Amino acid sequence: MHGSRATAPVSTLALRMTDIRKTYPGVVALDGVSLDVRAGEVHVLLGANGAGKSTLMKVLSGAVTCDSGAIEVHGAPAHIASPRDARALGIAIVHQELALVPALSVAENLHLGRIPHRLGVVDSARMRRNAHDVLARLGVTLPVDALVGSLSIAQQQLVEIARALLLDARILVLDEPTSALTERETQALFGVLADLRARGVAIIYISHRLEEIAAIGDRVTVLRDGRHVATHTVASADRSDLVRLMAGSDVADVPTAAARSEVRPRGPARLRVDDLRSGHAVRGVSFTVHAGEVVGLTGLLGAGRTETARALFGCEPQSGGTVLVDDVPVRIRTPRDAIRAGIGFVTEDRKAQGLVLDRSVRDNIALATTRALSLWGVMRSHAERALAQESIERLRIRTPSDTQRVRLLSGGNQQKVVLAKWLATGARVLLLDEPTRGVDVHAKQEIYRLIADLAAQGTAVLVISSELPEVVAIADRTLVMRDGRIVSEFDRAQATPERLLACAVGHDTPALRSA
């Protein structure tokens with residue numbers, strides 16, 4: 001690969017984003033990112049989770065306002081402060097999570113937000129004509145009166161693209177458009193994109209699938225940690241080099257408190273999952289976590305990691321498969337079933353799903369054990385206080401008292417309260433989804449130590465994380481998910497951030513070993 005950044009001639013540029021910066025409290029999401037996209041080009045945007053791809057596209061679509069930087073559309077300066085501004089400039093984005101209304105027809109979905117009227121009445125005939133015309137442009141045959149909810153995912157994807165074209169979009173952003181498509185549907189989509197490219201539409205194509213780059217892309221840009229790393233023509237881009245660019249050459253952020261060289265002793269299988277299926281996101285997942293073992297589960301956005309944990313905990317319906325805890329089959333239809341089976345779940349969004357922010361530390365710790373702490377339906381306050389004090393000391397929760405509102409604690413201490421809630425249940429299996437997201441370095445170290453302590457006490461711990469250095473440092477084994485399935489497994493000696501990322505994008509998938 002060549003190290004210089006490719007730059008499009010000004011005359012052919014559809015879009016130029018220059019030195020785009022965006023920060024959130026404690027996080028630099030975009031650190032001076034620049035991107036050029038030509039008319040009639042498919043420009044692939046690559047990057048691991050957290051690289052800044054989504055934030056950059058939110059800036060372009062007007063969903064987020066950047067702190068500084070400049071945007072030019074077709075050679076003219078552009079001020080994009082809202083999605084309406086973006087639409088007026090001919091910019092449309094098709095998100096991975098489709099923004100369609102299942103109960104409305106294809107024609108109605110194509111006109112969302114801009115329903116045509118005639119003499120004060122909805123002009124249904126015009127809507128249907130417009131729908132026929134735009135679908136014909138795509139070479140797609142769909143009944144325009146059919147409810148969108150009755151269509152396949154691939155057909156819904158095409159409806160989203162058609163809606164963008166109905167806006168006369170000249171810059172089209174596609175975010176993981178093939179994540180739910182079959183191979184045949186993917187090839188059909190590629191045909192549509194080739195036609196759009198021939199018509200001069202500039203296409204930004206976000207994907208984690210390296211094999212798609214050669215099939216559809218003209219140039220590829222890699223982002224990492226909110227920065228532009230490189231832009232290359234597809235002809236000069238080597239897959240191995242792209243993986244290295246995405247992963248980075250150093251792993252300086254490896255958590256030192258968890259780094260270790262010894263193999264942690266493990267006991268018998270505590271959690272065994274066989275052919276678990278749930279919706280479109282979990283497509284036959286099998287793995288085992290032993291007593292005293294920390295297993296990492298990683299993969300790129302949309303791989304099915306969180307959905308697997310939610311299905312195991314009864315937050316999402318299981319459509320198939322078996323789950324055993326300590327070799328006993330368990331049927332999990334609700335979170336209460338999971339708690340009774342000895343499973344605890346620390347969700348990735350602690351504020352919305354793991355805590356009651358306006359309640360006290362004591363109340364939150366007792367949330368999952370109210371029945372055990374009650375007598376004849378009345379909470380035993382002395383037992384609740386004793387549990388809270390024991391948890392505060394054990395987890396080193398920094399709080400003035402157990403009556404402090406959780407909202408007033410730091411992110412790291414809030415996360416400890418969530419952990420304390422599940423430890424109070426006596427959970428033998430802990431599912432930890434992004435357990436260190438949004439916490440400072442010191443709190444991370446303490447959480448790593450706590451995970452190690454829990455494993456030493458015989459707890460089976462499944463850590464779901466998008467931070468590859470974190471997984472490498474704390475996990476005894478690491479599982480990699482892609483497209484709703486576990487595609488590879490590494491023991492501690494084998495796992496490196498680069499190898500995990502290569503498997504996550506489908507570049508290097510070693511055979512699975514038996515657990």
Strands (runs of 3 or more DSSP E) completely within segment 285-363 that count 1 or more residues being among the acidic types (Asp, Glu) and touching a Cys at 6+ places or on another chain (Cβ under 8 Å): none
Residue in segment 93-109 that is surrounded by fewer than 12 Cβ atoms within 10 Å (Cβ to Cβ) and under 25 Å from ALA188 (Cβ atoms) present: yes
Given the structure, is ARG87 touching a helix residue (DSSP H, G or I) at 6+ places or on another chain (Cβ under 8 Å), over 18 Å from SER466 (Cβ atoms) and basic (Lys, Arg)? no
By residue number, the members of segment 220-235 that are under 14 Å from LEU245 (Cβ atoms) and either among the polar types (S, T, N, Q) or part of a strand (DSSP E or B) (or both) are VAL220, THR221, VAL222, LEU223, ARG224, ARG227, HIS228, VAL229, ALA230, THR231, HIS232
With the requirement that a residue be part of a helix (DSSP H, G or I), small (Gly, Ala, Ser) and either surrounded by fewer than 20 Cβ atoms within 10 Å (Cβ to Cβ) or at pLDDT below 90 (or both), what does segment 432-483 give you? ALA443, ALA452, ALA456, ALA473
Considering only segment 22-29, I want to know if a residue exists there that is within 23 Å of LEU301 (Cα to Cα), of a type in the set (S, T, N, Q) and surrounded by 15 or more Cβ atoms within 10 Å (Cβ to Cβ). no
With respect to the numbered conditions (1) in contact (Cβ under 8 Å) with a residue 24 or more places away in the chain; (2) touching a strand residue (DSSP E or B) at 6+ places or on another chain (Cβ under 7 Å), which one is the sole condition not fulfilled by SER54? (2)
Looking for something out of contact with any Leu (no Cβ under 6 Å at 6 or more places or on another chain) and free of Cβ contacts under 8 Å to residues at least 40 places away in the same chain - is there at least one such residue anywhere in segment 233-244? yes
Just checking, which of LEU138, LEU98, LEU104, LEU112 is under 30 Å from LEU301 (Cα atoms) and modelled with pLDDT of 90 or more? LEU104
Given the structure, is GLU489 outside any loop (DSSP other than H, G, I, E, B), in contact with a Lys or Arg (Cβ under 9 Å, 6 or more places away or on another chain), among the acidic types (Asp, Glu) and at pLDDT 90 or above? yes
Give, as residue ranges, the helices (runs of 4 or more DSSP H) completely inside segment 53-116 that count at least 3 residues that are more than 22 Å from ALA136 (Cβ to Cβ) and within 21 Å of the chain's Cα centre (by Cα). 53-61
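The values are calculated or read from the model by the stated rules, or taken from the named source; none is laboratory data. Fair warning: this is a prediction, and the values are worked out from it, not measured in the lab. Quick reminder, even Gly has a Cβ in these numbers, built from the backbone with ideal geometry, and neighbours come from all protein chains shown.
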